[in-house]
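The values are calculated or read from the model by the stated rules, or taken from the named source; none is laboratory data. The structure displayed is predicted, hence computed values, not measured ones. As a convention, Cβ positions derive from the backbone with ideal geometry for all residues, glycine included, and neighbour counts pool all protein chains shown.
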Amino acid sequence: VRWTEGRGWHDAQLVPYAPLQIDPANMMLHYGQGIFEGLKAYRQPDGTVATFRPFANAERFRASARRLAMPELPEETFVAAIDALVRQDSAWVPEHGGEASLYIRPFMFATEVGLGVKPANEYLFMVIASPAGAYFPGGVKPVSVWLSEEYVRAAPGGTGAAKCAGNYAASLVAQAQAAEHGCDQVVWLDAAERRWIEEMGGMNLYFVYGEGRDARVVTPALTGTLLPGITRQSLLEIAADLGYRVGEERISVEEWRNACADGTLTEVFACGTAAVITPVGSVKSTSADWTVADGEPGEVTMRLRRALLELQTGVAADTHNWMHPLG
Ligand code: PMP
């Protein structure tokens, strides 16, 4: 779907996957007006296909567009484009039963040609998709994380809450540092104090205090510098459905470390569209290393993971009306 100033949205088309031709002076290449989304379609028990919360992605996409001075795509157009592609590609949606899905990537970028810094007057919105296998084919494995004190992902007033290409470009050196320290993922801290936990490279974080039915499930509050994950939001509701106490709070590095030392923090996990839920087993920073409990996936983490996947694959009842069937 194209957008042109004075004309609005036009020319919706379903076309075979093919390279694009880009002018060397395309404004996105120079000034980075590019935003995207990620969501999944799952095969349901009756063989039909449904996407998980596409209207939530549509809303976040509009928020990202506003932050980058791009036009806001109507939610119905966003979801209709995804529906059209998934219908066309429905044979690529894996069978019901496992954790495999069709990963869907909507995105939009400036197409105006010019070298002046200003919002472009033309954009292209596209959707592509690819089958995605289970994130942990050999069983869920906890990740190790590196607390990034040198680099920050987002600063107040910046683009942290938007899903824009530049945020990911800026995160790559910290991810490389995490790997140099033998860690799987980077955890971002706040820009001002490098003290408050924000999120992981492509996932939000959750902290579990206590055990069993009495557990309290807490995620860092949205401050404008972390991405409002749709999995994060869904889990606040699923955890409450399962009877856990839930909270959105500021959590500091000292708190994370001390609460692991005294045993009050029993589990930590990350969540996002790609991995659903990933346990965090160990933490490293320039000043300290520690493990979360015994470093193994926790009971609350795995219970929430199962509940979310059962909902997405149509095994559990969709009490929140989150699944969008393609019919
Ligand atoms: N934080 C970042 C930086 C991300 O890229 C993602 C993935 N979109 C998330 C969190 C998780 O968001 P969601 O649950 O919507 O996939």
Does Ala259 fit the bill of being of a type in the set (A, V, I, L, M, F, W, C), assigned by TED's automatic domain parsing to the domain that holds Gly202, over 30 Å from Ala50 (Cα atoms) and in a helix (DSSP H, G or I)? yes
Scan the stretch 195-207 and give yes if some residue there is within 16 Å of the ligand (Cβ to nearest atom), within 19 Å of Thr273 (Cα to Cα), among the charged types (D, E, K, R) and assigned by TED's automatic domain parsing to the domain that holds Ile277, otherwise no. yes
Residues that are away from the ligand (no atom under 12 Å from the Cβ) and in contact (Cβ under 8 Å) with a residue 12 or more places away in the chain, drawn from the stretch 219-240: Ala221, Thr223, Gly224, Glu237, Ile238, Ala239
Looking only at strands (runs of 3 or more DSSP E) that lie completely in the stretch 1-76, which have at least 1 residues being away from the ligand (no atom under 16 Å from the Cβ)? 2-4, 8-10, 39-43, 49-52
For the stretch 156-165: of the residues being within 12 Å of the ligand (Cβ to nearest atom) and not basic (Lys, Arg), which is nearest to Leu222 (Cα to Cα)? Ala161
Go through the stretch 139-150 and count every residue that is crowded, with 17+ Cβ neighbours inside 10 Å and out of contact with any strand residue (DSSP E or B) (no Cβ under 7 Å at 6 or more places or on another chain). 0
Can you name the residue in the stretch 214-244 that is exposed (fewer than 14 other Cβ atoms within 10 Å of the Cβ) and over 23 Å from the mean Cα position of the chain (by Cα) and, of all such residues, is modelled with the highest pLDDT? Gly243
Looking at Glu150, Glu112, Glu180, which is the one that is farther than 23 Å from Arg60 by Cβ and in the same structural domain as Gly98 (by TED's automatic domain parsing)? Glu112
Checked Gly243, Gly263 against criteria (more than 26 Å from Glu149 (Cα to Cα) and either more than 14 Å from the ligand (Cβ to nearest atom) or out of contact with any helix residue (DSSP H, G or I) (no Cβ under 9 Å at 6 or more places or on another chain) (or both)); the one match is Gly243
Would a scan of the stretch 170-187 turn up a residue that is in contact (Cβ under 8 Å) with a residue 60 or more places away in the chain, closer than 30 Å to Met70 by Cα and away from the ligand (no atom under 13 Å from the Cβ)? no
Of the residues Thr278, Thr319, Thr286, which single one is outside the structural domain of Gly201 (by TED's automatic domain parsing) and among the β-branched types (Val, Ile, Thr)? Thr319
Has the stretch 281-301 got at least one residue that is touching a Ser or Thr at 6+ places or on another chain (Cβ under 7 Å), within 16 Å of the ligand (Cβ to nearest atom) and over 23 Å from Leu172 (Cβ atoms)? no
